[in-house]
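First comes the structure, then the notes that go with it.
What follows draws every value from the coordinates through simple rules; no lab data is involved. All values derive from a computational prediction rather than experimental measurement. Neighbour counts are summed over all protein chains in view; Cβ atoms, including those assigned to glycine, are modelled from backbone coordinates with ideal geometry.
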Amino acid sequence: MRTSWQLGPNTNFLMLLSATILLLWYFDAFNPRTLAKLPNLGAFISNALPPNPAPIPVLLLSMVETVMIALAGTVIAVLIAVPLATLSTRSLFSTPVTTFFRLLLSVIRTVPSILWALLFVITVGFGPLAGVLGTAMYSLGYLGKLLYEAFDVVNKEVLDAVRMTGAGKLALMRYVVIPESANYIISQSIFMFEYNVRASTILGLVGAGGIGFYILSYVQVLDYRSLTTTLLVVLVFVVAFDFISSKLRSRFLPS
Amino acid sequence: MRDVDYAYRPGKQVLHSVNLTIESGEVLMILGRSGAGKTTLLRLAAKLLKPQSGTVSYEDGRGDEKDSQGVAYIPQGIGVVENLTVLENSLLGALGKLSFFTQVIGSFPRDLVAQAVEVCEVLGLGDHIRSKVRELSGGQKQRVAIARGLVQGARIVLADEFVSQLDPLTSLEVLELTKDLKNHGIGFAITTHDVHLVPKFGDKVAVIKEGRIVLHRAASGMTAEGVLELI
């Protein structure tokens, strides 16, 4: 029997390429009026270079605030995600309970971080607190899912053996599920923090603190050279955090 | 176990009218081929499965009903928490003696900790009390599982494929340990494929074939070949 991969990668690639071209055409990419705007890119680049070094001190401070937002948001998310993931674990709780909490996490995940941030700007006002809460909510949805999936695959034999000692559900969680998933919890939390450092750079667009405020401001005043500096600062931090995160995570993941 | 029937799916009966008694102070060897129903039998005995019909009960010497606190279960994969230390794993046996709150905060009374340390030392784990279980050998992990059962105060230990993952020498060491514990009134129900263990370590033997107990008697006088013929 022939399966799709036996058609050969070239055929698959051509089909994918054709579909992409079709989509670009659908989105007006080949419209002559659109194509005529391409030189604008060159103009933008020439206006954005060289980077303006003047705002570097303030940008560094702002980036530190962004990292703090990501850190605080991630920690809050982990603290709430562990109990919610526990309540979503099928080997511990009944189907109605796990379904309810899985649905809750799914709803939380549906809302993008920027929207959560906006919601908290409305609730607690402008500033980094809104960013922290927005980041926490968004991360909670993802971490909760990642954790309950990890909790679900904890060896049921161990759970059975410890259950026989008279351990309750929370004790099983504390002494079996969490220790057995500890490396995964740490690894995923570090990954979430790394992701949040990147994601938090745009929270300032809605007034939720961090470097996003400067990105928005420089775009609005057409100061593209300072915008380039901002993006470079973000790039340096993100690359650094990617590196640190991958080094840290490799210590907690099986080789 | 009295007249226990069990099926994982309707029409796929795994156990048929099983009657079995496991007593403290003796070692019951349960033998059978793969898929004969040994693990299901042990899980039913541990009340981790509910029989479709029949009863599983724990009774003291006077025939009074007891709770499951006196029964420990060691699954095929040993069932120890690899990321906890030997002492912590042993203390898990005491969870049933704690209130809900102390269970969750993990506040073990000093006397229980002292008891767990003593049990570990008696079982030859004294030098590894602070070691993570993942750092131990298979035989040592079995001892940790036994230690948890002893701290639990179990009078019966249900051990599934107890020594099947161990090398022959370590198997003998662990089984010698069950002999010692038997003399302290602890009973073992051990499922195994190894018929040669019956004459040496079993007080009683039960053979399970296609979900039915075809032999349940004292092990004395039984030879490995005799058991093998029945499997």
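By the beta-carbon count within 10 Å of each Cβ, the least crowded to most crowded order of A:PHE126, B:PHE108, fewest first, is A:PHE126, B:PHE108. Note on B:PHE100 and A:VAL236: with the Förster distance fixed at 60 Å, the Cβ-Cβ geometry gives a FRET efficiency of about 0.75. Taken as entire DSSP H runs, the helices of chain A that both span 24 Å or more between Cα atoms along their own long axis and average 1.6 or more on the Kyte-Doolittle scale are A:56-87. Ranking B:GLY106, B:ILE22, B:VAL4 by Cα position along the charge dipole of segment B:2-230, where only Lys, Arg, Asp and Glu carry charges on their C-beta atoms, puts B:VAL4 farthest toward the positive end. For peptide B:103-109, the mean count of partner chain Cβ atoms within 10 Å of a residue's Cβ comes to 3.
Annotation note: chymotrypsin sites (Phe, Trp or Tyr not before Pro) in segment B:1-63 located in DSSP loop regions with a Cβ neighbour count of at most 13 within 10 Å are absent.
Each label was represented as a point 7 Å from its Cα along the Cα-to-Cβ direction; for B:SER107 and A:VAL64 these points are 4.1 nm apart. Here the translational diffusion coefficient of segment A:56-252 follows from Stokes-Einstein with Rh set to the Kirkwood radius across Cα pairs; for 10 °C and 1.306 mPa s it amounts to 89 µm²/s. Under the criterion of Cα pairs below 8 Å and six or more residues apart, the relative contact order for segment B:2-230 equals 31 percent.
For segment B:116-216, what number results from the quotient of the Cα radius of gyration and 2.2 N^0.38 Å?
Numbers: Rg = 14.3 Å, N = 101, 2.2 N^0.38 = 12.7 Å.
Segment B:116-216 yields a ratio of 1.13.
Mind running the shape call on the protein assembly as shown? Use the C-alpha gyration tensor, a ≥ b ≥ c as the square roots of the eigenvalues: rounded below 1.5 for a/c, prolate if a/b tops b/c, oblate otherwise. Present the calculation step by step, with values, prior to reporting the outcome.
Details: a/c = 2.98, a/b = 2.22, b/c = 1.34.
In terms of gyration-tensor shape, prolate.
Normalising the average separation of contacting C-alpha pairs (under 8 angstrom, six or more residues apart) by the number of residues puts the relative contact order of segment A:56-252 at 29 percent.
Go ahead and run the numbers for FRET between A:VAL153 and B:HIS193, Cβ-Cβ distance against an R0 of 30 Å, rounding to 0.05. Computed FRET efficiency for A:VAL153 and B:HIS193: 0.60.
Within chain A, which is the longest segment that contains none of the trypsin sites (Lys or Arg not before Pro) sitting in a DSSP loop with at most 13 other Cβ atoms within 10 Å?
Details: sites that count: A:ARG2, A:LYS37.
With trypsin sites (Lys or Arg not before Pro) excluded where exposed in loops, chain A gives A:38-255 as its longest stretch.
Among the listed pairs A:LYS156/B:LYS132; A:LYS169/B:LYS179; A:LYS169/B:LYS200; B:LYS12/B:LYS132; B:LYS132/B:LYS200; A:LYS145/B:LYS38, those whose Cα-Cα separation exceeds 30 Å are A:LYS169/B:LYS179; A:LYS169/B:LYS200; B:LYS12/B:LYS132; B:LYS132/B:LYS200; A:LYS145/B:LYS38. Work out the P(r) tail for segment A:37-100: percent of alpha carbon pairs separated by more than 16 Å, whole number. Value for segment A:37-100: 71 percent of Cα pairs lie more than 16 Å apart.
Take the alpha-carbon centre of segment B:76-153, take the same for segment A:140-186, and report the distance between them in whole Å. Cα centroid to Cα centroid, the span is 18 Å. Averaging 1/r over every pair of different alpha carbons in segment B:2-230 and inverting the result gives a Kirkwood radius of 18.2 Å.
Only lysines eight or more places from B:LYS66 in sequence, or on another chain, were considered; those with a Cα closer than 16 Å are B:LYS47, B:LYS97.
Mean-square fluctuations from a GNM of chain A, with a 10 angstrom spring cutoff on Cα atoms, peak among A:PRO53, A:PRO39, A:PRO179 at A:PRO39. Taking other Cβ atoms within 10 Å as a rough exposure proxy, A:TYR26, A:TYR148, A:TYR138 sort from fewest to most as A:TYR26, A:TYR148, A:TYR138.
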